[in-house]
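The values are calculated or read from the model by the stated rules, or taken from the named source; none is laboratory data. The shown structure was predicted, so the numbers you read here are calculated from the model rather than taken from an experiment. Note that each Cβ is placed from the backbone with ideal geometry, even for glycine, and that neighbours are counted across all protein chains shown. What goes into the accessible areas is simple: the full protein's heavy atoms, side chains included, and nothing from ligands, DNA or RNA. Shrake-Rupley method; radii C 1.70, N 1.55, O 1.52, S 1.80 Å.
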Amino acid sequence: METEIVSELMEHLSDKKLEAALKVNTTVRAAMGEFLRDRGFIEIPPVIFSTVTDPLNHPVYDPSFEYEGTRYALTKSMIFHKQIIVQKFPKIFTFSPNIRLEMPEKARTGRHLLEFTQLDLEVKGATREDLIKLGEELFIHTLEKVSEKHAQDLHDLGRRLSVPCAPFKRYKFEEVAEKYGSEFETILSKEAKEPFWIVDIPLKEREFYDRESDVFPGILNDMDLIYPEGYCEALSGGEREFDLDRIMERIRRKGQTYEQFKWFLEFAKEGLELSTGFGIGIERLVRYICGFERIEDVHPFPKVPGKVSV
Ligand code: AMP
Ligand code: MG
């Protein structure tokens, strides 16, 4: 089996598609970093393991280890670290490696890896509306830079990429779920020619830390950006809950324990202010730009759900 894995990897590393994807990846990261630095964001280093990480809202295996009597988890997302540090530094971003040991059947989607990178950012005092605008500008800037620099690479891949115009269309989660059923995201993504937002996501669909609307109970001030042409979810984000009582209540309603989040709760007791942020998966973005069917084609050492990898 080892020889097969090694020869498959050697072939993958020599693939012209991978070369183009890595060039695009280089430009994507530079363009995004430059865009955010120009707007006064500071870059923080990633957190690879911690006493607390994102509980997520879907099942994954939970890798953790003990060091000197304390249990640490590998980072699934830096949500809590973002919410804590943004209290001191009001505009932050990080290229955060995330480990999510997804169930093997997720390999079928072509958009799940066990190890990937999010550009994860957070802004203190900002609302969802502010972050939707920022997300659109960031997305357009990045696509413009890639189109400028990689016209030949995209042409060689047979990819025609158009840069969308803001504002992007918006759909309310419950309205499209009623109209198209549970597969609404895939259906709408396949029909769409431009990226669009899904907003107003019901509470049960998301984690405890996203803020519930004051006007519409049970609805979160959240948003997802969806790629066109069937590439599905690009990013997720939202306003964060900052009220300690509401945080505790939401943990309780999820059937989760305070013990699981005790480190975060200690900071929350010190007082949090509203922040809003999002995380955009870099490999999914590069896959969309290159027009690839499968996400593993953009990564030199892809970890595909259910497969042994180097
Ligand atoms: P989430 O907060 O779970 O929505 O994750 C944030 C973003 O990370 C998503 O919108 C995707 O772009 C990306 N992402 C999440 N899970 C994966 C995965 N298993 N493989 C690759 N990218 C992912
Ligand atoms: Mg999401």
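Quick notes
- Candidates F65, F49, filtered to the one that is open to solvent by 70 Å² or more (accessible area, probe 1.4 Å), in contact with a Ser or Thr (Cβ under 8 Å, 6 or more places away or on another chain) and over 25 Å from P202 (Cα atoms): F49
- Residue in the stretch 170-185 that is hydrophobic (A, V, I, L, M, F, W, C) and more than 16 Å from ligand 2 (Cβ to nearest atom) present: no
- Test set (1) within 19 Å of H58 (Cα to Cα); (2) in contact with a helix residue (DSSP H, G or I) (Cβ under 9 Å, 6 or more places away or on another chain); (3) free of Cβ contacts under 8 Å to residues at least 60 places away in the same chain - G237 fails condition number: (3)
- Among the candidates S147, S189, the residue that is within 19 Å of I280 (Cβ to Cβ), in contact (Cβ under 8 Å) with a residue 12 or more places away in the chain, open to solvent by less than 10 Å² (accessible area, probe 1.4 Å) and not hydrophobic (A, V, I, L, M, F, W, C) is uniquely S189.
- Those residues of the stretch 94-114 which are more than 17 Å from N25 (Cβ to Cβ) and either in contact with a Pro (Cβ under 7 Å, 6 or more places away or on another chain) or open to solvent by less than 30 Å² (accessible area, probe 1.4 Å) (or both), in sequence order: I99, L101, E102, M103, P104, K106, A107, G110, H112, L114
- Flag if Y72 is surrounded by 13 or more Cβ atoms within 10 Å (Cβ to Cβ) and of a type in the set (F, W, Y): yes
- Against the test of being within 14 Å of ligand 1 (Cβ to nearest atom) and not hydrophobic (A, V, I, L, M, F, W, C), the options D214, D210, D243, D200 yield a single qualifying residue, D210.
- Strands (runs of 3 or more DSSP E) contained in the stretch 217-310 and holding at least 3 residues open to solvent by 10 Å² or more (accessible area, probe 1.4 Å): 232-239
- Residue match in the stretch 6-14 (condition: buried (at least 16 other Cβ atoms within 10 Å of the Cβ) and either out of contact with any Leu (no Cβ under 6 Å at 6 or more places or on another chain) or in contact (Cβ under 8 Å) with a residue 24 or more places away in the chain (or both)): yes
Here's the yes/no breakdown for (1) under 17 Å from S96 (Cα atoms); (2) of a type outside the set (S, T, Y); (3) more than 16 Å from ligand 1 (Cβ to nearest atom):
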site	(1), (2), (3)
L22	no, yes, yes
V28	yes, yes, no
G33	yes, yes, yes
L36	yes, yes, yes
G40	no, yes, yes
E43	yes, yes, yes
V52	yes, yes, no
L56	yes, yes, no
P59	no, yes, no
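- Which listed residue, of F95, F49, F35, is over 30 Å from T186 (Cα atoms), modelled with pLDDT of 95 or more and either among the aromatic types (F, W, Y) or under 16 Å from the mean Cα position of the chain (by Cα) (or both): F49
- In the set D210, D200, D224, only one residue is closer than 22 Å to E283 by Cα, under 20 Å from the mean Cα position of the chain (by Cα), within 16 Å of ligand 2 (Cβ to nearest atom) and of a type in the set (D, E); that residue is D224.
- Test: residue in the stretch 270-290 that is away from ligand 1 (no atom under 12 Å from the Cβ) and of a type in the set (K, R): no
- Scope the stretch 115-138; condition within 24 Å of I289 (Cβ to Cβ), more than 15 Å from ligand 1 (Cβ to nearest atom) and open to solvent by 20 Å² or more (accessible area, probe 1.4 Å); matching residues: K133, L134, E137
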